[in-house]
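Q: What follows is a single structure, and I will ask about it in a moment.
The values are calculated or read from the model by the stated rules, or taken from the named source; none is laboratory data. Since the model is a prediction, treat every value here as computed from it, not as a measurement. Virtual Cβ from ideal backbone geometry, glycine too; neighbours counted across all protein chains shown.
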Amino acid sequence: MAQRINNAAFLNRSSAWLVGGFAVLALLLGVIGLYGVVAYSVSRRTGEIGVRMALGAGPRAVYRLILGEAGFLASIGIAIGLGCSVGAAKVLRNLLFGVNGWDATTVMAIAVVLEGCALAGSYLPARKAASVNPAEALRAD
């Protein structure tokens, strides 16, 4: 009997590690995708950023601009996702045994991690935007 219990526990642990691995991979792909979108946006707005810097905006203001926009969009996506997760938790309530379908602490921790990952994915394009030389950006247009 002990052998059967150990086998069942091993299968449960293995499937949990597998799902966790796929979740981390999905998060990594999401951050890479967000990086690509923000980098493309920054490359298209080089002239605008150059004008802002020529008119006196410092690198800190450019960081705030790029990271603020990315953070705002991520917040909207997280809010929509939270709404969908509430609906999914109500639908899947019968499948959960001994676990609450809606844990506010866990949901808020996940929201904070997602927002942090979104800002981390936007940091490199923001750094590139903050290092734009205004003269070269205006000359390119």
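Q: Within the stretch 54-91, restricting attention to residues that are closer than 25 Å to Pro134 by Cβ and β-branched (Val, Ile, Thr), which residue is farthest from the chain's Cα centre (by Cα)?
A: Val62
Q: To continue, here is another question. Quick check on my filter: what residues within the stretch 123-139 are assigned to a helix (DSSP H, G or I) and surrounded by 11 or more Cβ atoms within 10 Å (Cβ to Cβ)? Steps first, answer last, please.
A: Of all residues in the stretch 123-139, those assigned to a helix (DSSP H, G or I) come to 123-130, 134-139.
Tyr123, Leu124, Pro125, Ala126, Arg127, Lys128, Ala129, Ala130, Pro134, Ala135, Ala137, Leu138, listed by residue number.
Q: Let me ask something else about it. For the stretch 20-53, give me the residue count where each residue is within 17 Å of Pro134 (Cα to Cα) and touching a Pro at 6+ places or on another chain (Cβ under 8 Å).
A: Taking the stretch 20-53 as the starting set, the residues that turn out to be within 17 Å of Pro134 (Cα to Cα) are 42-53.
Now narrow it down to the ones that are touching a Pro at 6+ places or on another chain (Cβ under 8 Å): 42, 50-51, 53.
Summing the residues that are within 17 Å of Pro134 (Cα to Cα) and touching a Pro at 6+ places or on another chain (Cβ under 8 Å) in the stretch 20-53 gives 4.
Q: So, Ala120, is that one in a helix (DSSP H, G or I), under 22 Å from Asn133 (Cβ atoms) and under 17 Å from the mean Cα position of the chain (by Cα) or not?
A: The answer is no for Ala120.
Q: Out of curiosity, is Arg93 closer than 16 Å to Ala126 by Cβ and among the basic types (Lys, Arg)?
A: Working: closer than 16 Å to Ala126 by Cβ: no; among the basic types (Lys, Arg): yes.
No, not satisfied.
Q: Taking helices (runs of 4 or more DSSP H) that fall entirely within the stretch 1-94, which contain at least 1 residues that are loosely packed, with under 10 Cβ neighbours inside 10 Å and among the polar types (S, T, N, Q)?
A: Details: elements: 2-44, 46-54, 59-91.
Result: 2-44.
Q: Here's another thing I want to ask about it. Considering only the stretch 26-59, how many residues are of a type in the set (Lys, Arg) and touching a helix residue (DSSP H, G or I) at 6+ places or on another chain (Cβ under 8 Å)? Walk me through it before giving the result.
A: Within the stretch 26-59, the first condition is being of a type in the set (Lys, Arg), and the residues that meet it are 44-45, 52.
Then drop every residue that is not touching a helix residue (DSSP H, G or I) at 6+ places or on another chain (Cβ under 8 Å), which leaves 45, 52.
Residues flagged as of a type in the set (Lys, Arg) and touching a helix residue (DSSP H, G or I) at 6+ places or on another chain (Cβ under 8 Å) within the stretch 26-59 amount to 2.
Q: Ok, one more. Quick check on the stretch 63-102: of everything there that is aromatic (Phe, Trp, Tyr) and over 30 Å from Ile49 (Cα atoms), which residue is modelled with the highest pLDDT? Give the steps one after another, and end with the answer.
A: First pass over the stretch 63-102, keeping only residues aromatic (Phe, Trp, Tyr): 63, 72, 97, 102.
Narrowing the set further to residues that are over 30 Å from Ile49 (Cα atoms) leaves 97, 102.
Numbers: Phe97: 71, Trp102: 76.
Only one residue tops the list, namely Trp102.
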